[in-house]
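In what follows, a single structure is set out as structure tokens and then discussed.
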Amino acid sequence: MGIQIAPSILSADFANLERDILAVADADWLHVDVMDGHFVPNLTLGLPVVQRIAEVSPLPIDAHLMIEDPDRWAPRYAEAGAASVTFHLEAAADPRAIAADLRSLGARASCAIKPGTPVEDVLPLLDTLDMVLVMTVEPGFGGQEFMEGMMPKLRALRAASDAAGRDLWIQTDGGIARATIATVVEAGCDIVVAGSAIYGAADRAAEIASLRDLAQAVDHR
Ligand code: DX5
Ligand code: ZN
């Protein structure tokens, strides 16, 4: 499988959400940012909206939960139709239990770490996870500057999952665009989130194709 692209609808037009979801149908996943105004200082959308998005989206839903109490809420997003559910390690009381709940509901289990969270904190959980999201901005807002200093986390995750013989996906989110996508792919990223880069482009399909080409050019796996 090549590098996967997950457009973030955080940069879409929320008054024309279905139109903007269909505009990125050439991608691999639809990245949906759920923010609760507590875990991050921004508020987006919740369960009923994710459920409708899952019903109209031709792409599987990659739900990124920037919320408190994921122990309670993450499984509900799997039930709402998200094929992959990412909870934040910093907010989780029992991350192993959350991951087990997600898998038992048929979703891919994924855990995210903020820029200030050491990668060592997530390494002991890899056997329970299908994906780790390494944030390359502080979560909360689109259009921020990419943090290249996160690349050692990607390399450590790639080495640990290879050593364990696991097919762990590594995702990066924040500041990914034409200028930065090669950097994350070279560091071991499998699935790239891009919000403002894709939705800020006049031709979203062409932008997805450009990102894919740039990723494939440096993908030596
Ligand atoms: C930020 C969100 C991202 C956001 C990325 O907290 O998790 O998914 O949409 O936006 P860009 O790609 O513009 O940095
Ligand atoms: Zn996100």
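Points to keep in mind about this one:
- Qualifying residue in the range 119-133 (condition: of a type outside the set (D, E, K, R), in contact with an Asp or Glu (Cβ under 7 Å, 6 or more places away or on another chain) and either within 14 Å of ligand 1 (Cβ to nearest atom) or more than 24 Å from Ala194 (Cα to Cα) (or both)): yes
- Against the test of being over 26 Å from Asp167 (Cβ atoms), out of contact with any Pro (no Cβ under 9 Å at 6 or more places or on another chain) and exposed (fewer than 15 other Cβ atoms within 10 Å of the Cβ), the options Pro41, Pro58 yield a single qualifying residue, Pro41.
- Listed conditions (1) over 17 Å from the mean Cα position of the chain (by Cα); (2) farther than 22 Å from Ala6 by Cα; (3) buried (at least 16 other Cβ atoms within 10 Å of the Cβ) are all met by Ala91, apart from (1).
- Qualifying residue in the range 13-23 (condition: farther than 21 Å from Ile198 by Cα and either over 17 Å from the mean Cα position of the chain (by Cα) or at pLDDT below 95 (or both)): no
- The set of residues in the range 189-206 that are in contact with a helix residue (DSSP H, G or I) (Cβ under 6 Å, 6 or more places away or on another chain) and either polar (S, T, N, Q) or farther than 23 Å from Trp169 by Cα (or both) comprises Ser196, Tyr199, Ala201, Arg204.
- Residue match in the range 108-127 (condition: within 17 Å of the chain's Cα centre (by Cα), more than 16 Å from ligand 2 (Cβ to nearest atom), assigned to a loop (DSSP other than H, G, I, E, B) and of a type in the set (Val, Ile, Thr)): yes
- Taking first residues from the range 196-221 that are surrounded by 14 or more Cβ atoms within 10 Å (Cβ to Cβ) and partners that are at pLDDT below 95, the Cβ contacts under 9 Å between residues at least 6 apart in sequence or on separate chains come to Arg212/Gly2; Ala215/Gly2; Asp219/Gly2.
- All of (1) within 13 Å of ligand 2 (Cβ to nearest atom); (2) free of Cβ contacts under 8 Å to residues at least 60 places away in the same chain hold for Ile53 with one exception: (1).
- Counting only residues that are in a helix (DSSP H, G or I) and within 25 Å of Leu22 (Cα to Cα), the range 162-213 holds 15 of them.
The values are calculated or read from the model by the stated rules, or taken from the named source; none is laboratory data. Everything numeric in this text was worked out from a predicted model, so none of it was measured. In this analysis, Cβ positions are derived from the backbone assuming ideal geometry, glycine residues included, and neighbour counts consider all displayed protein chains.
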